[in-house]
Amino acid sequence: MNKRIPLYLDTTAPGWMVQSDFDGTISLLDVTDTLLNRFGKPGWQALEDAWERGEIGSRECMKGQVALLDMDEAELQAHLDTIEIDPGFAGFVAEAQAHGMVVQVVSDGIDYAIRHVLARHGLGHLQVIANRLVQVGARSWRLESPWASARCARASGNCKCERLAEQQALHGRVLYVGDSTSDFCVSGKADFVLAKYKLIAHCERHGIAHAPFEHFAQATALLARIVLDLEVAA
């Protein structure tokens, strides 16, 4: 059952910033999945299955999967040129920045892919925190995880909870935007959540203050209501 969570947000002090997931939230598809489906050698699905069973963390899963990608950089870029993002995301960023809010992309995906896609859509100025893709041969790649944490409950390559805490210490409050399982843990620590897809049910189930949305045009309208200190219904 959906329930209504009235929340009045004081935006005078301390300030707010925005952290957003990328795959499935900003992008219309999970970029890593599209790369594996097109360029992955046999074995990547077995790693995915082991992760889904909880036998390995997402960091170990993605590291193994990226090692199975067989593509050169030109093929990678050509593929990334086909990736579309939510057409309302640029407007959401502009609205947030008009209210003095920093927008940061925080993902357990691949930094190269995210930066390439954002730049193609005129959003290359956004800060991206994600796993690092390193080319180690003409058609081979390695994934590095400089943002990993031994304390990460999900054993992720990028601990979103730590990234959230850093921004809360810097700005005061974080509005988190996400869609799926990689956002479950961090959503319970955010000051407010804009949720889509699986994250909506998770927030409802755990009583997390949130507002559901399907596309960023809706999220932009919700953002305006939040910064104007009006009621947000979830």
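Per-residue 3J(HN,Hα) values for segment 133-148, derived from phi via the Karplus relation 6.51 cos²θ - 1.76 cosθ + 1.60 with θ = phi - 60°, read 8, 10, 7, 10, x, 4, 10, 10, 9, 10, 10, 10, 10, x, 9, 6 Hz in sequence order (x marks Gly and Pro). Around the amide H of SER20, modelled in the peptide plane, lie the amide H atoms of GLN104, VAL105, VAL106, VAL177, all under 5 Å away and 5 or more residues distant in sequence or on another chain.
Past the 27 Å Cα-Cα mark, which pairs from LYS41/LYS196; LYS63/LYS198; LYS41/LYS160; LYS41/LYS198? If you can, show how the numbers build up before the last one.
Values: LYS41/LYS196 31 Å; LYS63/LYS198 24 Å; LYS41/LYS160 29 Å; LYS41/LYS198 29 Å.
Too far apart for the 27 Å limit: LYS41/LYS196; LYS41/LYS160; LYS41/LYS198.
With the convex hull drawn over the C-alpha atoms of segment 55-95, the volume per residue is 131 Å³. Note on segment 96-143: Kirkwood radius taken over Cα pairs, Stokes-Einstein applied at 37 °C and 0.692 mPa s, translational D equal to 273 µm² s⁻¹. A run of the chain free of exposed loop cleavage sites, with trypsin sites (Lys or Arg not before Pro) counted only in DSSP states other than H, G, I, E and B and at most 16 other beta carbons within 10 Å, reaches its longest extent at 54-138.
Taking 2.2 N^0.38 Å as the expected size of a compact globular protein, what ratio does the Cα radius of gyration of segment 78-216 give against it, to two decimals? Walk me through the intermediate numbers first.
Details: Rg = 15.6 Å, N = 139, 2.2 N^0.38 = 14.3 Å.
Cα Rg divided by the expected 2.2 N^0.38 Å: 1.09.
Around the amide H of HIS210, modelled in the peptide plane, lie the amide H atoms of VAL193, all under 5 Å away and 5 or more residues distant in sequence or on another chain. Using θ = phi - 60° in the Karplus curve 6.51 cos²θ - 1.76 cosθ + 1.60, the 3J(HN,Hα) couplings for segment 55-68 round to 7, 9, x, 5, 5, 5, 4, 5, 4, x, 5, 4, 5, 9 Hz; x is entered for Gly and Pro. The 3J(HN,Hα) values that the Karplus relation (6.51, -1.76, 1.60; θ = phi - 60°) gives for segment 95-111 are, in residue order, 5, 4, 5, 5, 8, x, 9, 6, 10, 10, 9, 10, 9, 8, x, 10, 4 Hz. Gly and Pro appear as x.
P(r) tail, the chain: Cα-Cα pairs separated by more than 25 Å, 40% of all pairs. Give the residue list of GluC sites (Glu not before Pro) in segment 143-234 that are DSSP loop and have at most 15 other beta-carbon atoms within 10 angstrom. Passing both the DSSP loop test and the Cβ count: GLU214, GLU231.
Taking every alpha-carbon pair under 8 Å whose residues sit at least 6 apart, the chain reaches a relative contact order of 28 percent. Taking amide hydrogens as placed 1.01 Å from N in the peptide plane, the amide H of GLY157 sits under 5 Å from those of ARG59, each at least 5 positions away in sequence or on another chain.
Cβ distances below 4.7 Å define possible disulfide partners, and in the chain the cysteines left without one are CYS61, CYS161, CYS185, CYS203. Taking a sphere under 13 Å around the Cβ of ASP179 and counting the other residues whose Cβ falls inside, with K and R at +1 and D and E at -1, yields a net charge of -4. With Cα atoms defining each centre, segment 167-202 and segment 129-151 are spaced 24 Å apart in the structure.
Read the figures in this text as sums done on the coordinates, not as results from a lab. Everything numeric here is computed off the predicted structure, so don't read it as measured data. Note: ideal-geometry Cβ built from the backbone for every residue, glycine included; neighbour counts use all protein chains shown.
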